[in-house]
Every structure is written in C-alpha cells, then in structure tokens.
Amino acid sequence: NVSYLAEGLVEEAARETGIDRIELRRRNAIPKEAFPYKTPIPISTYDSGDPAGLLDDVLRLAQWDSFASRREQSKKQGKLRGLACSLFVEPAGAGGSPKEEVDIRFGASGEASIYAVCGPSGQGHETVYPEVMAEIVGVDPELITLRAGDPDGPPVMGDGTIGSRSMMAYGGAIAVAAREIVRKAQDLAAKDLEVSPSDVEFSNGTFRVKGTDLSVTMTQIMKKHGPALNTKGDTPQPRSFPSGAHVAEVEVDPETGRVEVLAYYAVDDCGRVINHVLLEGQVHGGIVQGLGQGMGEHAVYDDTGQLLTASFMDYAMPRADEQPAMTLRDRPIPSPNNPLGVKGAGEAGTTGAVPTVSNAVIDALRPLGIHHLEFPFSPSRVWAAIREAGSQRQK
C-alpha cells in the first residue's frame, strides 16, 4: 500500500542522509493548527488531526529511547532485534449515493427499529447504532433494534458498508433522525403536560416543565405515541482522514530466519469514540491482517497462471498463537465533517501494520547489510537473505 512505500522511503532517506528517522518524521508532520489541511489533490482536504501528538504518544508507550539496551540483550543471545515506527493518514468514507439514509419506526409498545442498508460483517453495528440513538433520546438501547437490509422494511437510500464509512454515514444519519425525534417528542410531551413546548426542557431522557416537578419520560412518550415519532434522517456522503502512529518490535533468529513480533503499539485518531470495545476490535483485527500480509500470506502462481497456494494448507493465514502483545490507545480529534465527529476505523490497523512490521524487520537486518526484502518475511526467505548477505560480505 501507499503507506508501505512512503514509510520505507522515509527509512531509506534517514539512512542516506544520517538524519534520525523520528526527527525526519517530525519535520514532515502536518502541525495540528494547520488542519483542515488542503492537499495537492483537489478532493483531499484532511479534516483534522495531530500527527505529532500521535507520534509522541506511541514512542512513549513503546519505550523507544531504551531500545538500544533491549537490542543488546538480543545480540547476547545470538538474535537480531529491530524496531520501527510508522505515521500514516488514510481516506475513509465517500461513495456513489448522494446521501445516506435511515428510517426509524416505532411500534405500538414503544420499541424502535432502525432501517438502513448498512449490513454488519463483524463491526458491531447492531450494538453501536442503537447506542447512538439511545444516547440522544435518553432511553435504554435494548428498546432499539437495527434492521439492516430488511426486505420488508421501508425503502432507504445508501451505499452500504464499505470504505470505513459506516459510523460516519449511518451513525450520522441516526443522530440527525434522533434529534428530530426529540423535537417531535417535546411537542407531544408539552401537549400531555398541557403547557407550551417552549416551557419544556429535555435532559437525560426526561421532559420537564421548567421550574416545576411536572415531567414525563421519553420512554413514556414512545409507549404512548409510538408511530407519531417515526422519522427519517440522512447525511450527505461523509469523508474523513483518520491517522495513526504505530510501533513494532521484532526479533530475528539468524540461524533459522524465523521472525517473532515481540510487541506492537498503536495510537490512532479515529475521531470521536462511540464504543471503545468495538473500536479496539476493529483496530486489533486490522493489525493482525497487516501482520499476516507481512509475515506469511503469499499468493503463488506457476508459469501458466495456476494458483499454487489454493488452500489454507498452503496459504499462511495469521493465527492467534503468533500474535504479539498489543497496546492500543486512541487520541481522538473530532471530525467536523459529520454529525457525530467520528472518523473511519476499519482499515486503520492494516494501513499502519504493513509498513511498521516491514521496517522493523529491515531494522533488525540492517547490521548485516540488508536494506530491502520483499514480503512475506517467511523463515525461508529471511534465512536466504541472511545467507546471501553473508556471501556478499565474504567477497
């Protein structure tokens, strides 16, 4: 990917110029106060971010400054140790539909259904979308159900779940609809309480007549008025530019070529965080995918175009017992481009992991004169590179 190429060039530039690789990144990081930052590409204006802050956080987490002592410990054991940091920014969102739409319908008993075309595939939409609505209208999320792609539901417009856009697009549309539901419910609450809507204030799921103890809850309004609260919400195509700083520490056994990822650190700006557990799951899964690409996944074809790695017996998928300890943190800078201030998260882990693990392996091998090695870093490929480097030194 582009971040793999860019971060590899930064490492090589640092080696050629003698400039510290972290210092080189600091010099080229966009200052926080420069956002929104207009790039040379017309459609790409970075909405918000703090690259230097991400870098500071991840270096502190990874104990970057004490790496020399850890490298020396590995050397005493006959191992090669490497460390690398990557900074990245990526696009999230956009699409072909002019807008993203949800339709929120209420049943006779007050339960709510969110209709949208955004089907979940492990992201947890069925959990977090009700949470978005529940936070705004002040009810238990258990009263709300996501009905994604329901053929019996009302027609709704949208592009679905692609491009790390779901929370920006559909979460934003849900927020718009939920705020309108509160407005409708306030009029109904005023009618039930026999006062003017301007005399009613709303907080934490309760409508209260100002200066009195007269009140009615949103749950009561939903149960009493149900379908009168039905509301559509939509947002224009959202776009954001999530960013991150990742660090990987690896150890290479020169006798076997085996690479072990000892630790992985990631600090990501995915905008406002709605559900931290789901966000961490997205980033964690993306990192594993990136490590899989770097460490073992390889599609091999013969001269006739026949795929030789056609099953998981031949194609090395990442496994749980091969994963390093991961330390994940977020440094959220809200996006101004959608109602929730969120940014994409689905691809952040992979975008950061591919260049980070690559540069860490090369950092371990540099003392042997190895400055480039193609993926995947399988034991046989690393072992062969080490032997070739040894032969070159002997010449």
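The values are calculated or read from the model by the stated rules, or taken from the named source; none is laboratory data. For clarity, every value in this text was computed on a predicted model and none was experimentally measured. All Cβ positions, glycine included, derive from the backbone under ideal geometry; neighbour counts span all protein chains shown. The area values use the complete protein model at the heavy-atom level, side chains included, leaving out ligands, DNA and RNA. Shrake-Rupley method; radii C 1.70, N 1.55, O 1.52, S 1.80 Å.
Brief remarks follow.
- Ranking by accessible area, most exposed first, for 147, 70 with a 1.4 Å probe: 147, 70
- Shown here for region 293-358: trypsin sites (Lys or Arg not before Pro) in loop regions (DSSP other than H, G, I, E, B) with at most 11 other Cβ atoms within 10 Å, namely 319.
- One decimal place: the segment residue 184-residue 12 gains 55.9 nm when fully extended, by the rule 0.36 nm per residue minus the C-alpha distance.
- Taking all C-alpha pairs of region 270-345, those more than 16 Å from each other amount to 63 percent.
- Springs between Cα atoms under 10 Å define the GNM used for the chain, and in it the highest mean-square fluctuation of 169, 228, 94 occurs at 228.
- Of the residues 281, 325, 383, the one whose Cα sits farthest toward the positive end of the charge dipole of the chain, with +1 on the Cβ of Lys and Arg and -1 on the Cβ of Asp and Glu, is 383.
- The loop-placed GluC sites (Glu not before Pro) in region 247-295, going by DSSP, that have at most 10 neighbouring Cβ atoms within 10 Å of their Cβ come out as 255.
- Stretching the chain fully between residue 314 and residue 373 yields a gain of 19.1 nm (0.36 nm per residue, less the alpha carbon separation).
- Computed from the alpha carbon positions, the gyration tensor of region 1-105 leads to an equivalent ellipsoid with semi-axes of 36, 18, 14 Å, biggest first.
- Within straight-line reach of residue 38, meaning a Cα separation under 17 Å, sit the following aspartates and glutamates at least 8 residues removed in sequence or on another chain: 47, 50, 90.
- Note on residue 203 and residue 276: with the Förster distance fixed at 22 Å, the Cβ-Cβ geometry gives a FRET efficiency of about 0.35.
- Quotient of Cα Rg and 2.2 N^0.38 Å for region 240-395, N being how many residues it contains: 1.21
- Calculated mean residue ellipticity at 222 nm for the chain: -11500 deg cm²/dmol, from DSSP H runs with n ≥ 4 weighted as -39500 (n - 2.57), summed, divided by the residue count and rounded to 500.
- Difference of contour (0.36 nm per residue) and Cα-Cα distance, residue 1 to residue 381: 134.7 nm
- In this simple spin-label approximation, residue 392 and residue 210 carry label points 7 Å from Cα along the Cα→Cβ vector, and these lie 7.7 nm apart.
- Largest GNM mean-square fluctuation among 303, 57, 253, using the chain with Cα springs under 10 Å: 303.
- Each Cα pair of region 231-282 feeds into the Kirkwood radius, which the Stokes-Einstein equation turns, at 37 °C and 0.692 mPa s, into a diffusion coefficient of 220 µm²/s.
- A straight Cα-to-Cα reach below 24 Å connects residue 32 with the lysines 343, residues fewer than 8 places away in its own chain not being considered.
- Size of the chain: Rg and Dmax of its alpha carbons, in Å, are 25.8, 95.
- Most positive-pole-ward Cα, 197, 392, 212, against dipole of the chain from beta carbon charges: 392
- Entries in 191/224; 99/223; 210/232; 191/223; 99/191 that, when Cα-Cα distance is taken, lie over 23 Å: 99/223; 210/232; 99/191
- Most mobile of 367, 238, 254 in a GNM of the chain (Cα contacts under 10 Å): 367
- Here residue 67 and residue 194 are evaluated by their C-beta separation; at R0 = 51 Å the FRET efficiency comes out at 0.15.
- Three semi-axes of the equivalent ellipsoid, region 219-306, Cα gyration tensor, whole Å, largest first: 45, 21, 14
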